[in-house]
Amino acid sequence: MNILIVGITGQMGQVLVKTIEDSNHTVAAGIGHSDENHIYNNFNNVTENIDVIIDFSSPDLLSPLLDFATTKKIPVVIATTGIDSMEEINKASKEIPIVYAGNYSLGINILEKLAETVSRALQNFDIEITETHHNKKKDAPSGTAHMLFDAVNNGRDNTLSANYGREGMAKRESNEVGIHALRGGTVVGTHTVSFFGEDEVLELTHTAYSKRIFAEGSLKAAEFIVTKTQGLYDVNDILEVNYNE
């Protein structure tokens, strides 16, 4: 595949470049802040033949990205977090194939399924979500924390409410889920879902030790989406995991 990387000069973009170089695919061009060949600051300047786009940039590039992709009929893998609305993505997916996920790690997506299962099984347990990332991460809470809240909320028939960074003097409500974001150092990413019962606590934790796991997941998504027609897909469509085994 010839791949266009949106956000190529960012940290994840550079990790993705190295991941693609170790594969049988090619970085055809990039969108970023650089004067290097084949790196542009405007989608209109891209003239290379592109098979698929992988986006590790920022939400403010979503509109021009989708305009470019729908005009050129190019599949897109969106790995950018902090996107507030799915409206543009849903609309574009009626014209092109799109994979969208808050996290492309295999382990995180298994954690999402486990969290929903435990939430459903332990109906009387209180739930809290904590995530920790490096000090350069801009969005908080992380897209993965939102994924995990949706998972435990599904397990409780959508009766839970999110409380971001709890503060004040109010007592904790039984249906609320505290979501807490920690930022510091060079932490790649740690997510914990805690279930608090009477005299016992169950915690599910995923720790990422390298950004490469996200790059490899997004590349696998690109390999999946490049053969599809229009539609919106998520990581569970890509991962070859049988949750019933």
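The values are calculated or read from the model by the stated rules, or taken from the named source; none is laboratory data. Computed from a predicted structure; not experimentally measured. Every residue, glycine as well, gets a Cβ built from its backbone with ideal geometry; the counts of neighbours run over all protein chains shown. Side chains are part of the model used for accessible areas, which takes the heavy atoms of the whole protein and leaves out ligands, DNA and RNA. Shrake-Rupley method; radii C 1.70, N 1.55, O 1.52, S 1.80 Å.
Quick notes on this one:
- Test result for residue 157, at pLDDT 95 or above and assigned to a loop (DSSP other than H, G, I, E, B): yes
- Condition check for residue 160: open to solvent by 60 Å² or more (accessible area, probe 1.4 Å) and in contact (Cβ under 8 Å) with a residue 12 or more places away in the chain: no
- In the stretch 117-137, residue least open to solvent (accessible area, probe 1.4 Å) [restricted to those that are over 15 Å from residue 187 (Cβ atoms) and out of contact with any Leu (no Cβ under 9 Å at 6 or more places or on another chain)]: 128
- Near pairs, Cβ below 9 angstrom, 6+ apart or cross-chain, from the stretch 166-185 (within 17 Å of residue 147 (Cβ to Cβ) and in a strand (DSSP E or B)) to any residue that is open to solvent by 70 Å² or more (accessible area, probe 1.4 Å) and of a type in the set (Phe, Trp, Tyr): 178/164; 179/164; 180/164; 181/164
- Of 98, 110, all but one fail to be in contact with a strand residue (DSSP E or B) (Cβ under 9 Å, 6 or more places away or on another chain), open to solvent by less than 60 Å² (accessible area, probe 1.4 Å), modelled with pLDDT of 95 or more and aliphatic (A, V, I, L, M); the exception is 98.
- Every residue from the stretch 57-82 that is open to solvent by less than 30 Å² (accessible area, probe 1.4 Å) and under 24 Å from residue 211 (Cα atoms): 62, 65, 75, 76, 77, 78, 79, 80
- Given (1) under 30 Å from residue 14 (Cβ atoms); (2) in contact (Cβ under 8 Å) with a residue 60 or more places away in the chain; (3) loosely packed, with under 13 Cβ neighbours inside 10 Å; (4) among the β-branched types (Val, Ile, Thr), number of the condition residue 229 does not satisfy: (1)
- Unique match (being of a type in the set (Phe, Trp, Tyr) and either assigned to a loop (DSSP other than H, G, I, E, B) or open to solvent by less than 20 Å² (accessible area, probe 1.4 Å) (or both)) among 224, 195: 195
- Scope the stretch 118-142; condition acidic (Asp, Glu) and under 24 Å from the mean Cα position of the chain (by Cα); matching residues: 128, 131, 139
- Between 69, 28, 79, the distinction of being closer than 19 Å to residue 235 by Cα and touching a residue at least 24 places away in the same chain (Cβ under 8 Å) belongs to 79 only.
- Residue that is most open to solvent (accessible area, probe 1.4 Å) [pool: residues in the stretch 1-35 that are aliphatic (A, V, I, L, M) and part of a strand (DSSP E or B)]: 27
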